[in-house]
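Here is the structure we will look at.
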Amino acid sequence: MSQARFLPYDAVTDWLRKIAETMRVTAPVREGNSVVFRDFDPEEPLVLGHQSAASPKSVVFPQLEYLFRYKTDRTADENGVRQITLEPIYPDEDVFVFGANPCGARGLTTLDPVFINDEYVDPYYKARRERSIIASIVCTLPGDACFCHWVGGNPNDPVGSDLVLTPIEGGYLVRAHSEKGEKLAAGLDKADAREEQAAQQVEDAVLATLDPPPDLTDCPDVMENVFDDMELWEQVSDKCIYCGACTYYCPTCYCFNITDEASGIAGERIRSWDSCMFPTYTREASGHNPRPTKAHRFRNRILHKFSYYPKLYNRVFSCTGCGRCIRMCPTTVDIRDAVLRVKEAATKDESAKEVSDG
Amino acid sequence: MAELNELREAVAKVLPDVKHVIGWQRGYHAVRSSPLFIRNQEDLDKLIWDRTCYQNLASYLTSTRGERVGIIVKGCDSRSVNQLLQEQLINREDVVVIGVPCTGVISLDKIRAKFPINRVKDMQVEGDELTIATRDGEEHKLNRWDVAPDKCLACKYPNPLIFDTHVGEPIETWEPKQGLYARDEEFDQKSLDERFEFWRREMSRCIRCYACRNACPMCVCRDHCIAESRQPHYQSQEADVREKFFFQLIHAMHLAGRCTECGECERACPMDIPVLLFKTRMGKVVKDLFDYEAGVDQTAVPPLLTFQAEESNIEEKEW
Ligand code: SF4
Ligand code: SF4
Ligand code: SF4
Ligand code: SF4
């Protein structure tokens, strides 16, 4: 690993101010009772070390994205065909995300294989991803709804972060995990052995506070056993009011809608977030909806994160255990309960099958 | 407050006749509750009744329409049940209402404004005092009136207005600590520019998740909401302040004279946006013009669902 650096707390603002001269810097601030990412303003106090309300996902996958502008000619040619002019709109800025949580940063890596793979590359996503640099801060205060260590993460997980900052006395120990991060941190003073040791202690201390996680490794293999058990799905989703908050705040949810927002003969084609919890999510043009009730849609959310996705992409869950869906849910639906209940029912089914097969 | 045991007994009595009874259970920490759908004894053991039972469970009634269900309501929640009945959005014979008098709940948002309520060990309640102990070894002592939702400060109906079973003795209505429209009146003191700036800032945080809409017991077109309709194309999918503001105004207008001021919309908002302000404003207008309060009288017809050639409080002509 490359040389660790040290960023004193009282130098953070100046450091960001300098970076902000060359790119957009976004960092968490308080608004109302919420911690939200906003464009860096040296006058506004940063709220670091707390989980932001929404994850930093929107930096690479914004809630609203203009794909292109279009315009139709007023007059048709001799064949009655009208000319349409398209003007693509590509992301054109570098963004530095300062002060994400490791679970938020890790979320970005679960979006990657979806938007950038062998068969298809989404140019919008790719451009944003390449042009963003993420600095996360080791989480020293895992909350009651957090469970990153159930799903492969941990409070100092560097996955998805270009820089990881560990809070120690007087400042942050800064470690680079990519070339982009390396370059950004290059101007900072080198850390000494004592500082590195202090950071190690902080990280070990947080890990020691975590309860042993349940084993979820077989989820992708067993959970679909109960796909048709609608009674189970109704019960695990009964309190859900299908608002979609869980998916909008989730760092790994990536479903989108594409609509043309026209005014007259011109308009934009936009991509905006969709949610599997919405009734319109899979409603077909005929009116038929293969996921007619919230139980069907809730099933999709759970199985997608803990079965379909890991089966497709290296057995990684599309959930980083950030707990946002639990905290933000107006009815406190707890995805941990849902997963454990479904897994339990599914393995019961499995053993029942084995018995009858035997 | 009525005893939990009595409430459990009442639910047990109703249970054989319904699909489930909706109540509250402990959420993932001591200050969080979560709705509970009681189907059997095991579920019933989880039932709680305390100041954390803040959610208005009437929001579930329209989606269980056609099935006979039981529901536990506080005084304020009972207004929503009434209003749903008034508008024939639910059938009286489909709901068994278990009413409990309530001395007030607490607001997570108001507690959150005092400290990040994210690592809770437990909560103790003694009279008006709440002590919340965190896992970090801190103890926060709070007076419950300081962290009561505005609706409790202004509560006029602590006793259920409609019920099939009543649990506990009716309680004496307390002197409201402030009028329901206090925040509205304060907001009114600001200039138009200030008010617009306020909403511009607040709405910029909104992420169009629609928790406010779906939590609302009276917001019943959910599956066919104008916010998502493509044909007609009322609203764009854009995520700018204009669209979000537009949505809130539509919600408020659709709720004028129907909103039971339960505060669920604001409670549900994950971004802590004071969207109840829109509705209390409409509530005030409706009260002034029609002398009507939603959900108070089961037999009344909501003013915007009826028509009178001459409204007594609206001066249409100049003579
Ligand atoms: S946030 Fe909660 S209520 Fe809303 S859709 Fe998600 S699970 Fe359902
Ligand atoms: S599913 Fe919930 S806990 Fe998992 S990443 Fe999404 S918001 Fe976080
Ligand atoms: S608009 Fe808000 S306060 Fe009014 S009934 Fe709906 S949720 Fe309750
Ligand atoms: S709940 Fe809050 S964030 Fe969600 S749509 Fe309503 S106002 Fe916006």
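Determine which member of the set B:Ile162, B:Ile207 is closer than 26 Å to B:Ala10 by Cα and of a type in the set (A, V, I, L, M, F, W, C).
Working: B:Ile207 fails: closer than 26 Å to B:Ala10 by Cα.
Answer to the selection: B:Ile162.
Yes or no, residue by residue, for (1) within 13 Å of ligand 1 (Cβ to nearest atom); (2) under 24 Å from A:Lys57 (Cα atoms); (3) in contact with a strand residue (DSSP E or B) (Cβ under 8 Å, 6 or more places away or on another chain):
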{"position": "A:Glu234", "(1), (2), (3)": "no, no, no"}
{"position": "A:Ala245", "(1), (2), (3)": "yes, yes, no"}
{"position": "A:Ser272", "(1), (2), (3)": "no, yes, yes"}
{"position": "A:Arg283", "(1), (2), (3)": "no, no, no"}
{"position": "A:Asn289", "(1), (2), (3)": "no, no, no"}
{"position": "A:Leu303", "(1), (2), (3)": "no, yes, no"}
{"position": "A:Ser307", "(1), (2), (3)": "no, yes, no"}
{"position": "A:Arg315", "(1), (2), (3)": "no, yes, no"}
So B:Val286 fits all but one of (1) more than 15 Å from ligand 4 (Cβ to nearest atom); (2) out of contact with any Phe, Trp or Tyr (no Cβ under 9 Å at 6 or more places or on another chain); (3) not charged (D, E, K, R); what number is the exception? (2)
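A quick yes/no check of all residues on (1) touching a residue at least 24 places away in the same chain (Cβ under 8 Å); (2) away from every other protein chain (no Cβ under 14 Å); (3) of a type in the set (A, V, I, L, M):
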position: B:His224; (1), (2), (3): no, no, no
position: B:Ser229; (1), (2), (3): no, no, no
position: B:Gln235; (1), (2), (3): no, no, no
position: B:Ala239; (1), (2), (3): yes, no, yes
position: B:Arg242; (1), (2), (3): no, no, no
position: B:Phe247; (1), (2), (3): yes, no, no
position: B:His251; (1), (2), (3): yes, no, no
position: B:Gly257; (1), (2), (3): yes, yes, no
position: B:Glu261; (1), (2), (3): yes, yes, no
Run B:Arg119 past the list (1) more than 14 Å from every other protein chain (Cβ to nearest Cβ); (2) open to solvent by 10 Å² or more (accessible area, probe 1.4 Å); (3) among the basic types (Lys, Arg) and report the number of the one that doesn't hold. (1)
Which numbered condition trips up A:Glu203, out of (1) under 27 Å from A:Leu111 (Cα atoms); (2) outside the structural domain of A:Arg175 (by the TED database)? (2)
Restricted to the range A:250-281, and to residues that are away from ligand 2 (no atom under 16 Å from the Cβ), in contact (Cβ under 8 Å) with a residue 12 or more places away in the chain and assigned to a loop (DSSP other than H, G, I, E, B), which residue is farthest from A:Lys239 (Cα to Cα)? A:Ile265
Tell me which of these B:Pro270 doesn't satisfy, since it passes every other one: (1) surrounded by fewer than 13 Cβ atoms within 10 Å (Cβ to Cβ); (2) in contact (Cβ under 8 Å) with a residue 24 or more places away in the chain; (3) facing chain A (nearest Cβ under 10 Å). (1)
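Does A:Arg291 satisfy being free of Cβ contacts under 8 Å to residues at least 60 places away in the same chain, in a loop (DSSP other than H, G, I, E, B) and among the basic types (Lys, Arg)? Walk me through it before giving the result.
Numbers: free of Cβ contacts under 8 Å to residues at least 60 places away in the same chain: yes; in a loop (DSSP other than H, G, I, E, B): yes; among the basic types (Lys, Arg): yes.
Here the answer is yes, as A:Arg291 does meet what is asked.
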Considering only residues of the range A:313-358 that are within 16 Å of A:Gly107 (Cα to Cα) and away from every other protein chain (no Cβ under 14 Å), which is modelled with the lowest pLDDT? A:Asn314
Restricted to the range B:266-283, and to residues that are more than 9 Å from ligand 4 (Cβ to nearest atom) and of a type in the set (A, V, I, L, M, F, W, C), which residue is farthest from B:Ala215 (Cα to Cα)? B:Met282
Inspect all residues belonging to the range B:146-163 and state whether any of them is more than 14 Å from chain A (Cβ to nearest Cβ) and β-branched (Val, Ile, Thr). yes
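Within the range A:97-131, which residues are of a type in the set (Ser, Thr, Tyr) and in contact with a Leu (Cβ under 8 Å, 6 or more places away or on another chain)? Write out each step before concluding.
Step one: list which residues in the range A:97-131 are of a type in the set (Ser, Thr, Tyr), which gives A:109-110, A:120, A:124-125.
Those that are of a type in the set (Ser, Thr, Tyr) and in contact with a Leu (Cβ under 8 Å, 6 or more places away or on another chain): A:Tyr124, A:Tyr125.
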For the condition at pLDDT 95 or above and more than 10 Å from ligand 1 (Cβ to nearest atom), what is the one hit in A:Asp260, A:Asp215? A:Asp215
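Condition check: buried (at least 19 other Cβ atoms within 10 Å of the Cβ) and within 30 Å of A:Trp273 (Cα to Cα). Does B:Arg200 satisfy that? Walk me through how you get there before you give the answer.
Numbers: buried (at least 19 other Cβ atoms within 10 Å of the Cβ): no; within 30 Å of A:Trp273 (Cα to Cα): yes.
Spelling it out, it is not the case that B:Arg200 is buried (at least 19 other Cβ atoms within 10 Å of the Cβ) and within 30 Å of A:Trp273 (Cα to Cα).
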Grab the strands (runs of 3 or more DSSP E) fully contained in the range A:39-144, keeping just those with 1 or more residues being open to solvent by less than 20 Å² (accessible area, probe 1.4 Å), more than 30 Å from A:Leu173 (Cα to Cα) and within 14 Å of chain B (Cβ to nearest Cβ). A:64-72
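Whether any residue in the range A:13-21 is in a strand (DSSP E or B) and either within 27 Å of A:Tyr125 (Cα to Cα) or in contact (Cβ under 8 Å) with a residue 12 or more places away in the chain (or both) is what I want to check.
Taking the range A:13-21 as the starting set, the residues that turn out to be in a strand (DSSP E or B) are none.
The answer is no, given that none of the residues of the range A:13-21 is in a strand (DSSP E or B) and either within 27 Å of A:Tyr125 (Cα to Cα) or in contact (Cβ under 8 Å) with a residue 12 or more places away in the chain (or both).
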Is the range A:214-229 home to any residue that is buried (at least 16 other Cβ atoms within 10 Å of the Cβ), away from ligand 3 (no atom under 16 Å from the Cβ) and closer than 30 Å to A:Leu165 by Cβ? yes
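The values are calculated or read from the model by the stated rules, or taken from the named source; none is laboratory data. This structure is a prediction, so every number in the text was calculated from the model and none was measured. Don't worry about glycine lacking a Cβ; one is built from the backbone with ideal geometry, like all the others, and counts go over all protein chains shown. In case anyone asks, the SASA skips ligands and DNA or RNA and just uses the protein heavy atoms, side chains included. Shrake-Rupley method; radii C 1.70, N 1.55, O 1.52, S 1.80 Å.
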